[in-house]
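The structure appears right after this line, and notes come after that.
The values are calculated or read from the model by the stated rules, or taken from the named source; none is laboratory data. Here the structure is a predicted model, which is why all the values come from computation and not from measurement. Cβ coordinates were reconstructed from backbone atoms using ideal geometry, including for glycine residues, and neighbour counts include every protein chain displayed. Each accessible area value is taken on the protein alone, full model and side chains, heavy atoms only, with ligands, DNA and RNA left out. Shrake-Rupley method; radii C 1.70, N 1.55, O 1.52, S 1.80 Å.
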Amino acid sequence: MSGLVVRAAVSVRSPQARAPEGVPAALDYFRDLLTPFGEKPDEELLSRGPHVHHRDLVDLLVADEAVGRSRPELAIVAHALPDVVPFTAVAPHLTEQLGGRAVNFAIGQQGLAAPFTALRIASAYHRSGRAAEVVIAVLEQTTLPTPFPLPGGTPLTDSAAALVLGASTGEGLGFVRAHAAGSAAAALGRELEVDGKDGEHGTLLVLGPWVTEDVPDHGAVHRVVPGSYCTSLWLELADHWQEWQRDFRRIVLCDTDPRSGRSHVALFAATDTP
């Protein structure tokens, strides 16, 4: 069976804020959650957030026909930050809007590794014959009960991206592999080796905003601007995958989790590339 190729992709940035709801109950939950660690929720911080829920982000992604017409067998929600409303199951909500037949679950508590894990799982499902089509939604909402420690106090914006992946029907941009290492240079490894036949522009290196170390010299590099913890690479892929597919044979996505220091890489390539 051939691998998964990108069939469609959609991005959402800074959606309209909504009025807070369920804050008293949420505060009670956060107090119970944080008190054993000697912390308490910051009511002012929570109240002034945009209160965009994960469900809101999913609704915006599905409203785009490119995602909304998909009927996947597997739907994965990936996020690094929790939802503004505790105890919400968003993957079933995504599935309900996409035909209702997909196996669905969420991946969290992995930092920005979550979307890379989602790709590996999706690829395994597809190779086993259990999912001809997959939708991965990467969500990030920024209304939190305590400050989220990131280097430099980087401000984050609500954002989301969705990838629709399916079996190849010809030329396309296919997912090859995803892996991690202790540094960006180590994670990139062989991914930046360029075939002589491709020339220096055979591979595009897309660096997320958290890659601050030096990486191997490479001719074609696209750097993602700050503003996200885990959605950065996937927003850019959603916006540019078609033009990148025309101009390059291989797309290497790389970002480093600022909290763990682990670097993560995903390789996409033209489906006729060995």
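Out of curiosity, is residue 186 among the small types (Gly, Ala, Ser), surrounded by 15 or more Cβ atoms within 10 Å (Cβ to Cβ), touching a strand residue (DSSP E or B) at 6+ places or on another chain (Cβ under 8 Å) and not in a loop (DSSP other than H, G, I, E, B)? So residue 186 fails the test.
Of the residues making up the range 242-268, those that are part of a strand (DSSP E or B) and either open to solvent by less than 10 Å² (accessible area, probe 1.4 Å) or closer than 11 Å to residue 187 by Cβ (or both) are 251, 252, 253, 254, 255, 256, 263, 264, 265, 266, 267, 268.
Suppose we filter 162, 180, 137 for residues that are surrounded by fewer than 21 Cβ atoms within 10 Å (Cβ to Cβ), hydrophobic (A, V, I, L, M, F, W, C) and either more than 18 Å from the chain's Cα centre (by Cα) or not in a helix (DSSP H, G or I) (or both); which single one remains? Before the answer, list the steps.
On the way: 162 fails: surrounded by fewer than 21 Cβ atoms within 10 Å (Cβ to Cβ); 137 fails: surrounded by fewer than 21 Cβ atoms within 10 Å (Cβ to Cβ).
Matching residue, one of 162, 180, 137: 180.
Please enumerate the residues belonging to the range 231-272 that are within 13 Å of residue 172 (Cα to Cα) and without any contact (Cβ under 8 Å) to a residue 40 or more places away in the chain.
242, 243, 246
Within the option set 247, 198, 257, being modelled with pLDDT under 90, acidic (Asp, Glu) and either on the phi > 0 side of the Ramachandran plot or touching a strand residue (DSSP E or B) at 6+ places or on another chain (Cβ under 8 Å) (or both) holds for one residue only, 198.
Mind listing just one residue for me: the one in the range 89-114 that is over 24 Å from residue 257 (Cβ atoms) and of a type in the set (S, T, N, Q) and, of those, farthest from the chain's Cα centre (by Cα)? Result: 97.
With respect to residue 59, is the statement that it is touching a residue at least 40 places away in the same chain (Cβ under 8 Å), open to solvent by 40 Å² or more (accessible area, probe 1.4 Å) and within 24 Å of the chain's Cα centre (by Cα) true? Before you say what the answer is, go through the steps one by one.
Values: touching a residue at least 40 places away in the same chain (Cβ under 8 Å): no; open to solvent by 40 Å² or more (accessible area, probe 1.4 Å): yes; within 24 Å of the chain's Cα centre (by Cα): yes.
For residue 59, the condition - touching a residue at least 40 places away in the same chain (Cβ under 8 Å), open to solvent by 40 Å² or more (accessible area, probe 1.4 Å) and within 24 Å of the chain's Cα centre (by Cα) - is not met.
The condition of being of a type outside the set (A, V, I, L, M, F, W, C), over 13 Å from the mean Cα position of the chain (by Cα), within 26 Å of residue 180 (Cβ to Cβ) and open to solvent by less than 60 Å² (accessible area, probe 1.4 Å) holds for residue 126.
Note on the range 216-241: residues that are open to solvent by less than 40 Å² (accessible area, probe 1.4 Å) and either at pLDDT below 95 or among the small types (Gly, Ala, Ser) (or both) amount to 6.
Select from the range 3-45 the residues that are of a type in the set (S, T, N, Q) and either under 12 Å from residue 86 (Cα atoms) or surrounded by fewer than 13 Cβ atoms within 10 Å (Cβ to Cβ) (or both) and list them in ascending order. The answer is 14, 16, 35.
The strands (runs of 3 or more DSSP E) found wholly in the range 1-120 and carrying at least 1 residues that are modelled with pLDDT of 95 or more and within 24 Å of residue 225 (Cβ to Cβ) occupy 4-13, 74-79. Looking across 155, 145, one residue alone is part of a loop (DSSP other than H, G, I, E, B) and touching a Phe, Trp or Tyr at 6+ places or on another chain (Cβ under 7 Å). It is 145.
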